[in-house]
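Read-outs throughout are calculated quantities, based only on the coordinates presented, and are distinct from any laboratory measurement. Keep in mind it's a predicted model, so treat the numbers as computed, not measured. Using ideal geometry, Cβ is built from the backbone for each residue, glycine included, and neighbour counts are taken over all protein chains shown.
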Amino acid sequence: MPPIRTSREQWVEQGLLALAAGGPDAVRVEVLAKALGVTKGGFYGAFADRDALLEAMLDTWERESTDEVLERVERAGGDAAARIRRAGALTFSGERLLPIDLAVRAWARRDPAVAERLRRVDDRRMGLLRELIGASCTDPDEVEARSLLAFCLAIGEHFLAAGHGDRTRAEVLARAADLLFEAPAAPER
C-alpha cells in the first residue's frame, strides 16, 4: 500500500495554526511535519520551500477573510447594519480567522510584502463598509469617518484591556455599533 500523502491544504492549515499561535517564525517545516505526524520530506512534494508555503498561507487567509466572508454576507442578506455586523462577526470574532488576522497584522509590521497584502485585504473590507454605510448616509466624509471608526472598533477591541464599569464589553460594543450604523440625523434648517 503506497504511503498516504499529506496534501498542500493540510500543510497550509497547519501553517496557519502555527502562525496564529506564534507568528511567522513559528512556521517551521520540522514543527509542522511533527504536528501532522509525517516526515518533513513530504513537505517538498507539496512546496518548493518555506517561502512558497508562507505565500500559500497568505493566499488562503486572503480568500477566506475576503471572498468567502463577502459571499456569506451577501448570501445571508439583510439590511446594511446586519450585513456589517455579520462581516465583522465572521472575520473578527471567530475562533479561526481572528487569530490568523491578528498574526498577519503583527507580521505586516516587519514585512513590506505582507503589509501590502494586508492593505489589499483591508481596502476590500473598507470598501464593503463604505458601500453599506453609504446606503443610509450621503455625506462622503461621514461615510469615510464611520467606516474607519467601525473598522477600528472591530480590530482595536481585541487589544483593549479597559473595563466598562457596570456594563459588559458586549453591551458596550453593541451600543458603539448602534451609534455607528444608525442613520445620520437630518440636517437642521
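Points worth noting:
- Computed extension gain for ARG110 through ALA89, at 0.36 nm per residue and net of the alpha carbon distance, reaches 4.8 nm.
- Stretching the chain fully between SER7 and ASP67 yields a gain of 19.3 nm (0.36 nm per residue, less the alpha carbon separation).
- Matching label, Rg/Rh (Cα atoms, Kirkwood Rh) computed from the structure shown, candidates (1) 0.96; (2) 1.07; (3) 1.05: (2)
- With the simple spin-label model, which puts each label point 7 Å out from Cα in the Cβ direction, the ALA26 to ALA145 separation comes to 4.0 nm.
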